Each structure stands twice: as C-alpha cells, then as structure tokens.
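Asker: Once you've had a glance at the structure underneath, I'll fire off some questions.
None of the figures in this text is laboratory data; all of them are computed from the coordinates on show. Note that the structure is predicted; figures quoted are calculated from it, not measured. In this analysis, Cβ positions are derived from the backbone assuming ideal geometry, glycine residues included, and neighbour counts consider all displayed protein chains.
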Amino acid sequence: MATLLHPARAPSHGVGLYPEHIRTSPLQKALLTAGSACMALYNPYRHDMVAVLGETTGHHALKVLRDQMRKNPEGAQILQERPRISLSTLDLGKLQSLPEGSLGREYLRFLDVNGVSPDTRAPTRFVDDEELAYVIQRYREVHDMFHTLLGMPTNILGEIVVKWFEAVQTGLPMCILGALFGPLRLKAQNLHVLISELIPWAVENGRRAPCVLNLYYERRWEQPLQALREELGITAPPEHIQGLA
C-alpha cells in the first residue's frame, strides 16, 4: 500500500516536514483560521477551506486521536504503515466482486450513488507535525467510510449528521463548527427532524463506538457491513428518517 509522510522521508531543516508542508507563523495561522472559517461557514461545500480550518485549529484534537491510535493494535499498525485511500490504491474490480452487503461493496456503492471520489481529498499542508499531518489526512480519506457506516448520503442533511458523529468521535473544532452551524442552511422540516431525531442518534452512536480511526478499513473490505456496525455499536437511523436524509 502506498505510504505518505513517513518519518524516514522527512526533509532536512529549512524544508517542509513532508512533501506538501507549508511552514507558517502563528500570525499566518491565525489569518488562515479566520479566513477559512468565514468561507467554510458561508459555503460548507468549499472543502478546501474546511480542510485549512481543520489543519489550523486541530492540533490538540489530533494529538488525542494520535495517542488513541498508538494505544490500539490496529490503529498503531495504520500509523506505522501509512495506508492511503485513493483511486490509485483501490482495487475497484476486487471491490465490485465482493459479496453484496460487504464493507467494500457498500463503500463502492456509496461512491457510485453519490458521485464522489476519494481523490477529491486535499493534501495536508499546514500541520507542523509529520505524524499529526498523516492523522488528519487519514481522517479525510476515511470520511466516506463514516457515511457508509451511518448510511448517510452526501446531501447537506447527511453531511451535518456525519459532522455530529465526527465531532463526538474526533473533537476536531472544524467538525464541531460544522455540526453547530450547518443546520442554519436547512429548511424548517429537515431542521426539526435533525434536532429531534438525527442529532441524538448521531451523538449516541459517536459516543458508543470506539475510535473509528483505529479501523484498518482496507483489510476489512470483505467484512459484512452489518457485522462491522454491530462491532462498533452503530445502529441504523429510524426508518422514516432515511428517505429525508
């Protein structure tokens, strides 16, 4: 599996800590935070701005996530091997040949139905720690796995639900902001359903599930999705809600 940001490849002093790293001063980070926050709140689909916001505000949360991964055998292996999820690393033919209901087949179905690609994830640039840079890159690349696990599409309601799950799971400020301010863009009917049913469901699942960054998804493609949900304690959303999402 392709690797990224491996310690052995860290450049010398005066150069970035990893290939895409851009060194920034505290003032520059503050300006990036303010600008990206405004743009991300104005347009949640500006994934580039959401990515910058995550990098400039997430240092503490990323350290907590990194430590959780280090303490978990599967998570520690991910940190050691640095797997990537992209069209160049996925064997789409193999995923298509997997049984119905398997994680790999359902993940591929999610990509097809929603017209999304793992290659749209921006590279990490502003995290001044090589290992933490990989952690946030990994979070971005498994974001669609969270959609698959929760059965949520990529429309604005589905994204907000996933953000609430991620906020509880990761503690990343950008997830918390997205969860809190995303609902402002919803129509009244969907807002009522979100507040009364979907947010409690997402928060409960986020609290009950162990750290989902500790899952080596690439080695679980053949696992039935329902079995993985049961392993994590993730329940299905209410039946009458699924059509709205």
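Asker: For each pair in Lys29/Lys71; Lys163/Lys187; Lys63/Lys163, compute the distance between the two Cα atoms and list the pairs where it is over 22 Å. Walk me through the numbers before you get to the answer.
Answerer: Numbers: Lys29/Lys71 30 Å; Lys163/Lys187 18 Å; Lys63/Lys163 19 Å.
Over 22 Å Cα-Cα: Lys29/Lys71.
Asker: Right, another one. Please sort by residue number the trypsin sites (Lys or Arg not before Pro) in the range 115-221 whose DSSP state is loop and whose Cβ has at most 13 other Cβ atoms within 10 Å.
Answerer: In loop regions of the range 115-221 (DSSP not H, G, I, E or B), the sparsely surrounded trypsin sites (Lys or Arg not before Pro) are Lys187.
Asker: Which loop GluC sites (Glu not before Pro) in the range 137-245, with loop taken from DSSP, have no more than 14 other Cβ atoms within 10 angstrom of their Cβ?
Answerer: Glu222
Asker: Quick one: which residues, 5 or more positions from Ser102 or on another chain, have an amide H under 5 Å from its amide H? H modelled 1.01 Å from N in the peptide plane, none for Pro or chain starts.
Answerer: Long-range HN contacts for Ser102: Leu225.
Asker: Moving to a separate point now. Mind putting together the pair-distance distribution for the range 107-149? All Cα pairs, 10 Å bins, whole percent per bin, short to long.
Answerer: So the P(r) values, bin by bin, are 27, 45, 23, 5.
Asker: Add -39500 (n - 2.57) for each DSSP H run of 4 or more in the chain, then divide by its residues: what number comes out at 222 nm, to the nearest 500 deg cm²/dmol?
Answerer: Rounded to the nearest 500, the figure is -17000 deg cm²/dmol.
Asker: In a Gaussian network model over the chain where Cα atoms closer than 10 Å are linked, find which of Ala51, Ala179, Ala76 has the largest mean-square fluctuation.
Answerer: Checking each option, the largest mean-square fluctuation is seen for Ala76.
Asker: Same structure again: What list of ³J(HN,Hα) couplings, whole Hz, do you get for the range 216-222 from phi and the Karplus terms 6.51, -1.76, 1.60, once you set θ to phi - 60° and write x for glycine and proline?
Answerer: Each residue of the range 216-222 in turn: 8, 4, 4, 9, 10, 3, 7 Hz.
Asker: Over the range 48-154, what relative contact order in percent results from Cα pairs under 8 Å that are six or more residues apart?
Answerer: Relative contact order, the range 48-154: 35 percent.
Asker: Volume per residue, Å³, of the convex hull around the alpha-carbon atoms of the range 19-242?
Answerer: Looking at the range 19-242, the number lands at 117 Å³ per residue.
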